[in-house]
Amino acid sequence: MAGGPGSYVLGAEERKEVLDVLDSGYLFRYGSEDNPRFMHKVATFEKEFAEMMGTKYCVATSSGTGSILCCLAALGIGAGDEVIVPGYTFIASISSIVLSGATPILAEIDESLTIDPNDIEKRITSRTKAIMPVHMLGNPCDMDKIMAIAKKYKLAVIEDCCQAVGAMYKGKRVGSMGDIAAYSLNVFKTITSGDGGAVATNDYDLYEHAFGFHDQGHKPSRMGVEVGNRSIIGMNMRMNELTGAISLAQLRKLPMILDTLRAKKSKLKAGLANIKGLSFRKLGDEDGECATLLTLLLPDKATADKFGEKIGSKTIAHSGWHVYNNMEQVLALKYEYDGKVITYEKGMLPQTDDILNRAMNISVGVVDKGLGSAFGININSTDEEIAAVAANLKSILAEVL
Ligand SMILES: *Cc1c(COP(=O)(O)O)cnc(C)c1O
């Protein structure tokens, strides 16, 4: 089975929450407040999510992609603005910038597989409005450096937490450090309701704007259609009560999921200690990352390709989805303004290409061919299975290194 750890631990809790909703008869997030049968699962999810993430406000949405669009809209980012985003991310980080009307400016990653703070500054122009750090594969970005750059140039920070819900950076949850953050509840993420998402922020105005954008311009906690009270043009990206019910049960499992993955990952990693020529990606916070994947770094592309072939997987560069080189829709973009032409070409991020050509994802909790993590363990793997996978990897590494 492929999917994220949340999908592997679906059980009685999710069933109970969903049956609550079915029995109530209220499927819409807005219900009759004076009817005790209305379960307000979405509103409860929003409250508990904000609490767990250490933010004041949360808007539940229908997807991570929609959540990023809400963040951009809340910040008033649109045509003529530039947003700096890493070239290694899920396409939604980039496509939501494009759909907001703004220009995505691709930046390099470093060996953390997240945006390289040293490259951000080089990409800033008079049009830059925001930086979008993406906490890739559960690993927090170097937020101290990113926030310092944002402050220096007065830029907004949108944290893309779609792959890292619950990750900690120096004692803070990802998503609580920038201006506003987006999360996904898709089946390949850490917790899931099939599809769904969330926006979180500490700023009431951004919250109100994000809320309105996700719900036809309405204010939070609306009671019906409030004609005369809608200040912006919005979309419909609402979460429904069934999705809210599963999201709530999954959110309550998040601490258990993260503890379990961290324990299993350290066992797997311990089985691969002290192998000459093998290193691991840099972690923004060793104890705080989600531990959904283990990323190996091999000395060069040829060795990495050989290793991938032997374990029936591929280097991240060739695993599909998440690399700008493999996003034909992005490569086809072109912007012209200020007397310059902005294009997107294969090979435009050589540092990113070099790292991804040598990098191999081993699953710990997220089993996803699209991420290059078809091989490895999952959240239910036993100690024996983990030891066997480690031993297998070790012997293959001995052949190729
Ligand atoms: C999955 C993902 C998204 C989009 O989330 P959806 O819920 O699939 O719309 C955005 N950014 C990143 C980094 C992701 O991994």
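Give me Rg/Rg_expected for region 1-160, where Rg uses Cα atoms only and Rg_expected = 2.2 N^0.38 Å with N residues. Before the final figure, lay out each step's value.
Working: Rg = 19.0 Å, N = 160, 2.2 N^0.38 = 15.1 Å.
In units of the 2.2 N^0.38 Å rule of thumb, it is 1.26.
If you plug each phi of region 242-250 into the Karplus form 6.51 cos²θ - 1.76 cosθ + 1.60 with θ = phi - 60°, what whole-Hz ³J(HN,Hα) values come out, in order, with x for Gly and Pro?
Rounded to whole hertz, the list is 5, 5, x, 5, 5, 4, 5, 5, 5.
Using a Gaussian network model of the chain whose springs link C-alpha atoms within less than 10 Å, name the residue from Ile120, Ile377, Ile342 with the highest mean-square fluctuation.
Among Ile120, Ile377, Ile342, the largest mean-square fluctuation in the Gaussian network model of the chain belongs to Ile342.
Stick to Cα atoms and the Kirkwood definition of Rh, then tell me Rg/Rh for the chain. Before the final figure, lay out each step's value.
Values: Rg = 21.2 Å, Rh = 21.6 Å.
When Rh is taken as the Kirkwood radius, the ratio is 0.98.
Using DSSP to call loops (not H, G, I, E or B), can you name the GluC sites (Glu not before Pro) in region 19-82 whose Cβ has at most 12 other Cβ atoms within 10 angstrom?
Values: sites: Glu33, Glu46, Glu48, Glu51, Glu82; in loops: Glu33.
Answer in residue order: Glu33.
So what's region 254-400 giving for Cα Rg divided by 2.2 N^0.38 Å, two decimals?
Working: Rg = 17.4 Å, N = 147, 2.2 N^0.38 = 14.7 Å.
Taking N as the residue count of region 254-400, the ratio is 1.18.
Quick check on packing: order 4-12, 210-218, 59-67, 150-158 by the mean number of other C-beta atoms within 10 Å, highest mean leading. Before the final figure, lay out the partial values.
Numbers: 4-12: 20.3, 210-218: 23.4, 59-67: 26.8, 150-158: 17.3.
Top to bottom by mean Cβ count within 10 Å: 59-67, 210-218, 4-12, 150-158.
Show me the GluC sites (Glu not before Pro) within region 250-326 that DSSP assigns to loop and that have at most 15 other Cβ atoms within 10 Å of their Cβ.
On the way: sites: Glu286, Glu289, Glu309; in loops: Glu286, Glu289.
Those that pass, being in a loop and sparsely packed, are Glu286.
Once R0 is set to 35 Å, what does the formula 1/(1 + (r/R0)^6) return for the Cβ-Cβ distance between Asp259 and Val341, expressed as a FRET efficiency to the nearest 0.05? Each step should come with its number before you reach the end.
Numbers: r = 50 Å, r/R0 = 1.43.
Approximately 0.10, to the nearest 0.05.
What whole-number value in Å² describes the accessible area per residue of the chain for a 1.4 Å probe?
Details: 16000 Å² over 401 residues.
On a per-residue basis, 40 Å².
Report the label-to-label distance for Lys152 and Lys276 in nanometres (one decimal), using points 7 Å from each Cα along the Cα→Cβ vector.
Label-label distance for Lys152 and Lys276, simple model: 4.1 nm.
Could you tell me the center-to-center distance, by alpha carbons, between region 339-370 and region 78-141 in angstrom?
13
So what is the 222 nm mean residue ellipticity for the chain from helices alone, if each DSSP H run of at least 4 adds -39500 (n - 2.57) and you divide by all residues, rounding to the nearest 500 deg cm²/dmol? Mind dumping the intermediate values first?
Values: 13 runs with 149 residues, N = 401.
After summing the helix terms and dividing by residue count, I get -11500 deg cm²/dmol.
Roll a 1.4 angstrom probe over the protein heavy atoms and tell me the percent of accessible area of the chain that is carbon or sulfur.
Numbers: 8530 of 16000 Å².
Here carbon and sulfur together make up 53 percent of the probe-accessible area.
The values are calculated or read from the model by the stated rules, or taken from the named source; none is laboratory data. Nothing here was measured: the structure is a model prediction, and the numbers come from that model. We place every Cβ from the backbone using ideal geometry, glycine too, and count neighbours over all the protein chains shown. What goes into the accessible areas is simple: the full protein's heavy atoms, side chains included, and nothing from ligands, DNA or RNA. Shrake-Rupley method; radii C 1.70, N 1.55, O 1.52, S 1.80 Å.
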